[in-house]
1. In region 289-406, carbon and sulfur make up what percent of the accessible area (probe 1.4 Å)?
2. By how many nm would the segment from Ser86 to Lys265 lengthen if fully extended, with 0.36 nm per residue of separation less the alpha-carbon distance?
3. Which whole-number value in Å³ per residue fits the convex hull of the alpha carbons of region 337-385?
4. Along the principal axes of its C-alpha atoms, what lengths does region 289-406 span, in descending order and rounded to whole Å?
5. Suppose we look only past 24 Å in the calculated P(r) of region 64-285. What percent of the Cα-Cα pairs does that tail hold?
6. Gaussian network model of the chain, Cα springs within a sub-10 Å range: biggest mean-square fluctuation belongs to which of His119, His95, His32?
7. For the chain, return all DSSP H helices satisfying: extent of Cα atoms along own axis at least 27 Å; mean Kyte-Doolittle hydropathy at least 0.5.
8. Would you work out the Kirkwood radius for the chain? I mean one over the mean of 1/r across all pairs of different Cα atoms, in Å.
Amino acid sequence: MNDKYNCECGSNENLFILYDFGLIPQVNNYRHIDEKGDIKKYPLILAICNSCKLLQLTEMPDRENIFRNYDHYSSASANNAEYLHSIAEIINKRHDSKKIILEVGCNDGTLLKSLDSKHSIYGVDPASNVYDKNINDEFTILHEFFDIKNIEKIKSMIEKPVDIILGINVFAHNDSYMSMFAAVESLLADDGYAHVEVAYAADTVLSANFDTIYHEHFCNYTLTSLKNTVEHVGLKICDVEKINTQGGSLRVKIYKKSSRHEPLKNVSNFLEKEDRLGINDSNFYMELASKIDKKVETIKSMFTEKYFDDDVLILGSPARGVITANVCGFDKFNKAIAFDDTEDKQGLMIPGTSIMVHKPDSINYKKYNVACLLAWTYKDNIIDRLRNYGFKGKVFIPFPKSEYLII
Ligand SMILES: [Zn+2]
């Protein structure tokens with residue numbers, strides 16, 4: 001038991017350390033080949049609160065450094081942009097009348113732009129560098145952290161209670177997560193709801209798919225821990241859906257506790273299923289370390305250790321891939337290169353390695369007969385493209401099951 005870390009739920013008990021990944025660089029710290037000095041690395045330690053069952057990191061590098069000048073653009077990945085459009089479509093179809101909508105972590109405005117223009121649309125995001133200035137006049141954006149400390153600034157921007165708060169893969173990304181949900185409670189109209197999506201811990205890290213664990217991803221929610229967290233600040237979960245994004249995610253609708261909306265039966269069914277799985281039992285988490293160790297060793301022995309001196313092609317360099325690369329020894333590759341669609345990563349090295357990222361259509365695919373799909377959540381799309389580029393050989397897929405695909 002560690003004596004340093006406590007949970008925001010207010011439990012007297014300290015967090016229980018489950019797995020120490022060692023020192024890991026920040027996933028967006030891409031560097032030029034001649035950048036001198038060692039890359040800065042931070043502890044990455046996964047722990048659990050035995051009271052609210054929230055899987056969380058013990059610490060996070062300063063969020064000002066991570067999010068004020070953010071290196072992730074929602075529109076940079078075509079797959080991601082398409083996904084955000086599909087969320088906007090859900091909202092557009094559901095609401096005929098004009099609503100006040102606020103997106104938390106609106107990034108470059110990809111989702112906001114797809115919302116029906118009859119709505120009053122607002123955004124909050126600490127990073128002002130990523131926002132598309134061309135649409136600045138269309139929507140009102142506050143460049144601040146979304147939390148209860150900034151609630152007056154947020155309220156003075158909107159002036160009325162909010163009908164719909166959207167948070168797509170942002171509510172797990174902060175060590176002040178309780179304060180974020182408190183802000184939701186403070187802003188929502190009596191009938192309003194928050195549409196929140198977070199990676200689902202039971203499909204990801206609890207199944208040893210550890211590549212969702214990185215510094216930005218402070219919380220790893222099950223429905224049980226998400227329910228405990230939101231109830232702490234006067235909210236309730238009324239609807240839940242399992243979706244496939246990010247290797248498995250939860251999509252929930254959250255209302256104020258005082259709202260007339262009652263939780264649907266699917267919420268209690270889902271919670272019962274988690275209980276049967278062992279989510280409420282502390283012993284359930286005790287095997288996690290050995291499961292993760294086994295997974296790391298499998299990736300190393302099946303892939304990394306075989307190809308130190310070979311021409312290796314790394315397919316995609318998403319945030320999750322940086323974790324796999326660092327935990328599974330990709331710094332030892334001498335002749336590996338990567339491809340990624342994100343222009344800002346091209347010409348730079350994957351953090352913690354000397355693997356240079358290239359533009360996909362600039363690579364001589366005939367030179368390579370072994371590849372590794374770090375961006376495995378886009379498997380079908382990337383494998384199709386690889387075939388079209390003329391690659392022939394073996395593709396190692398690290399998650400969810402480590403295996404080779406011959407193409
Ligand atoms: Zn807790």
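The values are calculated or read from the model by the stated rules, or taken from the named source; none is laboratory data. Just so it is clear, the structure is predicted and the values come from calculations on it, not from any experiment. Note that we place each Cβ from the backbone using ideal geometry, even for glycine, and neighbour counts take in every protein chain shown. Side chains included, ligands, DNA and RNA excluded: accessible areas come from the protein's heavy atoms. Shrake-Rupley method; radii C 1.70, N 1.55, O 1.52, S 1.80 Å.
1. Numbers: 2440 of 5240 Å².
Using a 1.4 Å probe with all protein chains present, region 289-406 comes out at 47 percent carbon and sulfur.
2. On the way: separation 179, 0.36 × 179 = 64.44 nm, distance 2.54 nm.
Extra length available between Ser86 and Lys265 comes to 61.9 nm.
3. 95 Å³
4. Here the spans come out as 40, 28, 26 Å, largest first.
5. Across region 64-285, Cα pairs with separations above 24 Å total 41 percent.
6. For the chain, modelled as a Gaussian network with Cα springs under 10 Å, the answer is His95.
7. Details: long enough: none.
TM-like helix candidates: nothing returned.
8. Numbers: mean 1/r = 0.0451 Å⁻¹.
Taking every pair of different Cα atoms in the chain, averaging 1/r and inverting gives 22.2 Å.
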